[in-house]
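Novice: My structure is below; once you've seen it, I'll send some questions.
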Amino acid sequence: TILKLKPRDRRILVLAGAAGGIGAIFHAPLGAALFAPEVLYRETEFESEAILPCIVSSIVASSIFDQYFGRSALFFPGPVDFAPVELLPYAVFGVVCALVGYLYVKLFYDVARDRVFRRIKIPKILKPALGGLMLGTIAWLFPQIMDGGYGWVQAALEGKIFWGTMLMLALMKIVATSCTISSGGSGGVFGPSVFMGAMLGGAFGFLGHQLAPGWVIHPNAFVLVGIGGFFAGVAKVPVASIIMACEMCASYTLLVPLMLVSTISYLLLGRVSLYEKQVVTRLASPAHFTEFTRGILEQMQVAEVVKPRKVTTIPENLPLDQLIQVVTGSGETYFPVVDQTGRMIGILSINDIREVMFDESLSRLVVAKDVATLNVVRVFGDDSLQAALDKMVLLNVDELPVVEAEAPESIVSMISKREIIGYYHSQGKP
């Protein structure tokens, strides 16, 4: 990177940037500052070291945004309230959020992505076009699902939409979002989830008020509670969702029903999540692996994991076109570069040749030595696995060459992060 930051600092900066952008756009600085550290994990954990940077980023971004565009709530619900007797319908609504959330995730991944767009026999470049065609067809029938739909959310708050229409819009938004993103199109899931939750809440609230007015007294309040409750379950961010929903309407009046619905939705959905890359806890995160294993890995040696084997090496004067053939035709990732005597003078990976591999004019001019990293960091057999892992993290690489202390230019084998982690677990470690 330009700033030459460590992986930990880059990770925190990414989260801080996300918090700032979300906080400004959705008028929810506190909720966004909690969302970014919370969304990494499916259990109720936070990336604790990122919370303060996220708060600072969210403050700055929201302040600049408000200075130019004015400070206001995203939605204006008017005087909303809830009665204690409504907590029972809210509990039922939490179950509904979980059921529809489960439908959303399954349709998004299992149906649209895995059973439709991955199996369909057309060129990849045409799949987003097909998704766009499907989206256009839905939008032709239901134009309300286009864009963010926040105007329609406001209309739902004011009771201007029939409950059946709101239910249909929630379902159509699920289908439209699944078609767009699963086909390879670009888009996010937070904005659509706000619309889905609002319409689902409006449908439940106004239908409930029609059937049991003594139990559902404030139907429009379900619109706002739906925003937080639905997203809390599908994104596994119950705390952030509660705060963001309150900030979006500039009122904490509905905090109690929001807490109830969000908790029920989150618990019932279990580990079902809209974000596939979420890990369960910090313990399962590759970024925090060494925090929990350092003491054990320091007692294990590299020689326990790797055994001498033939490693694919690259002659230092191998032309680029031949180098590309070797790299792309091999199942390996990293390749030691050797001189005419077989001594290792460097190492390269496919990432090192990516910038020049498509330039045909360089195919006979560039050789392996030109793109290789010449200052090779080596690992010795008597090094601890923790020392090897620390070197990989510091260099942001996945493999390192293993050599003998007596002959540091002679390659014995290669060791990877995956091998270290696999060996750790094979020894019965958690």
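Novice: Residue 160 passes all but one of (1) part of a helix (DSSP H, G or I); (2) at pLDDT 90 or above; which number fails?
Specialist: Exception for residue 160: condition (1).
Novice: Please go through (1) under 17 Å from the mean Cα position of the chain (by Cα); (2) buried (at least 20 other Cβ atoms within 10 Å of the Cβ) for residue 272 and return the number of the only condition it doesn't satisfy.
Specialist: Among (1) under 17 Å from the mean Cα position of the chain (by Cα); (2) buried (at least 20 other Cβ atoms within 10 Å of the Cβ), the lone unmet condition for residue 272 is (2).
Novice: Conditions first: (1) within 23 Å of the chain's Cα centre (by Cα); (2) within 21 Å of residue 190 (Cα to Cα). Residue 139 passes all but one, so which condition is the exception?
Specialist: With (1) within 23 Å of the chain's Cα centre (by Cα); (2) within 21 Å of residue 190 (Cα to Cα) applied to residue 139, the lone miss is (1).
Novice: So residue 74 fits all but one of (1) over 30 Å from residue 13 (Cβ atoms); (2) at pLDDT below 90; (3) surrounded by 12 or more Cβ atoms within 10 Å (Cβ to Cβ); what number is the exception?
Specialist: Here residue 74 clears every test but (1).
Novice: Which one of 41, 104 is surrounded by 15 or more Cβ atoms within 10 Å (Cβ to Cβ), within 29 Å of residue 219 (Cα to Cα) and either at pLDDT 90 or above or assigned by TED's automatic domain parsing to the domain that holds residue 263 (or both)?
Specialist: On the way: 41 fails: within 29 Å of residue 219 (Cα to Cα).
It is 104.
Novice: Are there any pairs with C-beta distances below 9 angstrom linking a residue in the range 314-332 that is closer than 21 Å to residue 411 by Cβ to a residue that is surrounded by fewer than 13 Cβ atoms within 10 Å (Cβ to Cβ), with the two at least 6 apart or on different chains, and if so which?
Specialist: These pairs meet every condition: 315/340; 316/340; 317/340.
Novice: Looking at (1) surrounded by 24 or more Cβ atoms within 10 Å (Cβ to Cβ); (2) aliphatic (A, V, I, L, M); (3) modelled with pLDDT of 95 or more, which is the one condition that is false for residue 167?
Specialist: (1)
Novice: Right, something else. Any chance you could count how many residues in the range 59-71 are surrounded by 15 or more Cβ atoms within 10 Å (Cβ to Cβ) and over 29 Å from residue 155 (Cβ atoms)?
Specialist: Residues in the range 59-71 being surrounded by 15 or more Cβ atoms within 10 Å (Cβ to Cβ) and over 29 Å from residue 155 (Cβ atoms): 2 in total.
Novice: Any idea how many residues of the range 1-18 are under 24 Å from residue 74 (Cβ atoms) and touching a residue at least 40 places away in the same chain (Cβ under 8 Å)? Full working, then the answer.
Specialist: Pass one, the range 1-18, residues under 24 Å from residue 74 (Cβ atoms): 15-18.
Going one step further and asking which of them are touching a residue at least 40 places away in the same chain (Cβ under 8 Å), we end up with 16-17.
Result for the range 1-18: 2.
Novice: Which residues, taken from the range 107-134, are buried (at least 17 other Cβ atoms within 10 Å of the Cβ) and assigned to a loop (DSSP other than H, G, I, E, B)?
Specialist: Correct list: empty.
Novice: Follow-up question, since we're still on this one. I'd like the full set of residues that are of a type in the set (D, E, K, R), in a helix (DSSP H, G or I) and surrounded by fewer than 17 Cβ atoms within 10 Å (Cβ to Cβ), limited to the range 345-369. Quick ask: steps written out before the conclusion?
Specialist: So in the range 345-369, the residues of a type in the set (D, E, K, R) come out as 352, 354-355, 359-360, 364, 369.
Then drop every residue that is not in a helix (DSSP H, G or I), which leaves 352, 360, 369.
Answer for the range 345-369, where residues must be of a type in the set (D, E, K, R), in a helix (DSSP H, G or I) and surrounded by fewer than 17 Cβ atoms within 10 Å (Cβ to Cβ): just 360.
Novice: Okay, next question. Restricting attention to the range 249-260, does a residue exist that is in contact with a Lys or Arg (Cβ under 6 Å, 6 or more places away or on another chain), in a loop (DSSP other than H, G, I, E, B) and surrounded by fewer than 17 Cβ atoms within 10 Å (Cβ to Cβ)? Outline the logic, then answer.
Specialist: Step one: filter the range 249-260 for residues in contact with a Lys or Arg (Cβ under 6 Å, 6 or more places away or on another chain), giving none.
No, because not a single residue in the range 249-260 is in contact with a Lys or Arg (Cβ under 6 Å, 6 or more places away or on another chain), in a loop (DSSP other than H, G, I, E, B) and surrounded by fewer than 17 Cβ atoms within 10 Å (Cβ to Cβ).
The values are calculated or read from the model by the stated rules, or taken from the named source; none is laboratory data. In this text, all values refer to a predicted model and were calculated from it rather than measured experimentally. Because the Cβ atoms are built from the backbone with ideal geometry, glycine has one as well, and the counts that use them run over all protein chains shown.
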